[in-house]
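The values are calculated or read from the model by the stated rules, or taken from the named source; none is laboratory data. Keep in mind that what you see is a predicted model, and the values were worked out from it rather than measured. Reconstructed Cβ throughout: ideal geometry from the backbone, glycine too, with neighbour counts over all protein chains shown. Remember, those area values only see protein heavy atoms, side chains included, never the ligands or the DNA or RNA. Shrake-Rupley method; radii C 1.70, N 1.55, O 1.52, S 1.80 Å.
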Amino acid sequence: MLKLVIFGTMFSTIDLMELIIIYPKLFLILVPTLIIVIFWYIFCKSTAGSSIFLVDFACYKPQNNQQICRQNFLNRSSRELKFNSDTLEFMDRILQRSGLGDKTYVSKGLLSDPMDMSTKAAKEEVEMAVFGAIDELLLKTGVRCEEIGILVSVCGVFNIMPSLSSVIVKRYKLREDIRSYNMTGMGCSAGLIALGLVQNLLKVHDNSYALLVTTESTTDNVYKGNDRSKLLSNCVFRVGAVALLLSNKPSNQNTCKYELVHTVRSQTANNDRSYNCIFMEEDEQGHRGISINKDLLYAAMKTIRSNISTVAPLVLPLSEQFRYLMNIIVRRFRTGSKMEPYNPEFSRAIDHFFPHVGGKPVLDDLQKKLGFSDEQMEASRMTLYRFGNTSNSSIWYELAYAEAKGRVKKGDTLWQIAFGSGFKCSSVIWRATRSIDCDEMNPWSDEIDEFPVDVSKIGALSDLFVASKYTTNTVNVI
């Protein structure tokens, strides 16, 4: 049988002719659609705009005396927070199956006797992490504070006045005309959302440096009640922060690490199940906490799917887009066709994939639904194991892991994707401008040879999430 190869895809000529003869309208649909795909591909490649570079980044690594093992975490929770026995048993099961190891970090306030969960302690935690990350970044890049023209700070839940951006301006004596912004309440995807803001600012302010800082406070967000839906955040969130220096200066092209290629943002907040799956509220006793219900996985997959559908035409080679198009057409017009839906091979375009470490159940579901390999998920799982969920900064610990392993080479394409309350999902595509070796200022550098560790035997927790009033029988969206 004669075979026809188009853009690397093999089709039977008999099948194609049969389709065109039986369905003459197919040809009228296929040709214009193919032309649209080609022009869209060319358009995406030609609209990159002015270059924006990631000069470098620095992840904060807390002191060793802030490490806490799972058993010590439970003991302190029992003694200090007065949880009942059912709550402690449930938290124990979460910790055993969360994917976290025994060397994650909590704040000094939560390690003090008695626990200090005051606003002052929370502010000290945030300042220690943010200042530590910025100090290291300035040391790595050699950039002077007066050269920074844009500042964006991100802290998901904790909010103070003056704002965190003002705290940073005061600490580092940044210039009076600096364009500063402070973001809060936007969940674990806020870091990449802020990156989109920085991208837009650098498009209109030439020859500028931008400082982006993201962190979260664990001290201020401890839940003190016995509502199961609010206990997950207690168990998986840990101390962390990252500082990024971005630039649109042509002089940085040969010295930076990465070039920003695309930013894509999606949200499904108009859907009740998505909007309510992660929600800050008080329980019946007045204890404030973040409720997480079973709709989390539904919202995550729904929003990620929407985000990926936008990312795909931006990054996939034309051959993959054509395969996907032909699959849709054949399944639509050929009655009784047993052809399976085609899942594009992102590995043809993406060298490194870094999804947010929302927790082991989310990573498991993401890998299962989207077909990512164990190797592609390694940086996420090891980051979750070593540092826990550091909220919007976690994807940068993942990138630091890949750098410490010496895996990032010149020309590689990297995909970061983060998701969080709302529900929101953001993707960022980078291109490595040079090969990256592990340097001394990397949170993994002194222990990278100990990884990866085997986390495959950690089982799932069937009753991790409580039911939602919006839940229906239809939960599979991918």
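Do we find that SER468 is outside any helix (DSSP H, G or I), surrounded by 12 or more Cβ atoms within 10 Å (Cβ to Cβ), modelled with pLDDT under 95 and over 21 Å from the mean Cα position of the chain (by Cα) in this structure?
Against the criterion (outside any helix (DSSP H, G or I), surrounded by 12 or more Cβ atoms within 10 Å (Cβ to Cβ), modelled with pLDDT under 95 and over 21 Å from the mean Cα position of the chain (by Cα)), SER468 qualifies.
Taking the options LEU174, LEU151, LEU139, name whichever one is surrounded by fewer than 16 Cβ atoms within 10 Å (Cβ to Cβ), among the hydrophobic types (A, V, I, L, M, F, W, C), under 25 Å from TYR209 (Cβ atoms) and in contact with a strand residue (DSSP E or B) (Cβ under 9 Å, 6 or more places away or on another chain).
Numbers: LEU174 fails: surrounded by fewer than 16 Cβ atoms within 10 Å (Cβ to Cβ); LEU151 fails: surrounded by fewer than 16 Cβ atoms within 10 Å (Cβ to Cβ).
Exactly one of LEU174, LEU151, LEU139 is surrounded by fewer than 16 Cβ atoms within 10 Å (Cβ to Cβ), among the hydrophobic types (A, V, I, L, M, F, W, C), under 25 Å from TYR209 (Cβ atoms) and in contact with a strand residue (DSSP E or B) (Cβ under 9 Å, 6 or more places away or on another chain), namely LEU139.
Any residue in region 131-150 that is in contact (Cβ under 8 Å) with a residue 12 or more places away in the chain and over 15 Å from LYS249 (Cα atoms) sitting within a Cβ distance under 8 Å of a residue that is outside any helix (DSSP H, G or I) and among the β-branched types (Val, Ile, Thr)? List the pairs, counting only those 6 or more apart or interchain.
These pairs meet every condition: ALA133/VAL213; ALA133/THR215; ALA133/VAL242; ILE134/VAL213.
Among the listed residues LEU164, LEU192, identify the single one that is in contact (Cβ under 8 Å) with a residue 24 or more places away in the chain, of a type outside the set (Gly, Ala, Ser) and closer than 19 Å to GLU259 by Cα.
On the way: LEU164 fails: closer than 19 Å to GLU259 by Cα.
LEU192 is the lone residue from the list that is in contact (Cβ under 8 Å) with a residue 24 or more places away in the chain, of a type outside the set (Gly, Ala, Ser) and closer than 19 Å to GLU259 by Cα.
Do we find that ASN159 is within 22 Å of the chain's Cα centre (by Cα), open to solvent by 60 Å² or more (accessible area, probe 1.4 Å) and polar (S, T, N, Q) in this structure?
Details: within 22 Å of the chain's Cα centre (by Cα): yes; open to solvent by 60 Å² or more (accessible area, probe 1.4 Å): yes; polar (S, T, N, Q): yes.
Against the criterion (within 22 Å of the chain's Cα centre (by Cα), open to solvent by 60 Å² or more (accessible area, probe 1.4 Å) and polar (S, T, N, Q)), ASN159 qualifies.
What strands (runs of 3 or more DSSP E), lying completely within region 233-334, carry at least 1 residues that are buried (at least 22 other Cβ atoms within 10 Å of the Cβ), of a type in the set (Gly, Ala, Ser) and more than 18 Å from the chain's Cα centre (by Cα)?
On the way: elements: 241-247, 258-267, 278-282, 288-292.
Qualifying strands (runs of 3 or more DSSP E): 241-247, 288-292.
Here's the yes/no breakdown for (1) more than 17 Å from the chain's Cα centre (by Cα); (2) not β-branched (Val, Ile, Thr):
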{"position": "TYR401", "(1), (2)": "no, yes"}
{"position": "THR413", "(1), (2)": "no, no"}
{"position": "ILE417", "(1), (2)": "no, no"}
{"position": "ILE429", "(1), (2)": "no, no"}
{"position": "SER435", "(1), (2)": "yes, yes"}
{"position": "ILE448", "(1), (2)": "yes, no"}
{"position": "VAL453", "(1), (2)": "yes, no"}
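Here is a yes/no grid of residues against (1) part of a loop (DSSP other than H, G, I, E, B); (2) over 25 Å from the mean Cα position of the chain (by Cα); (3) without any contact (Cβ under 8 Å) to a residue 12 or more places away in the chain:
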residue	(1), (2), (3)
PHE57	no, no, no
LYS61	yes, no, no
ASN75	no, yes, yes
GLU89	no, yes, yes
GLN96	no, no, no
GLY99	yes, no, no
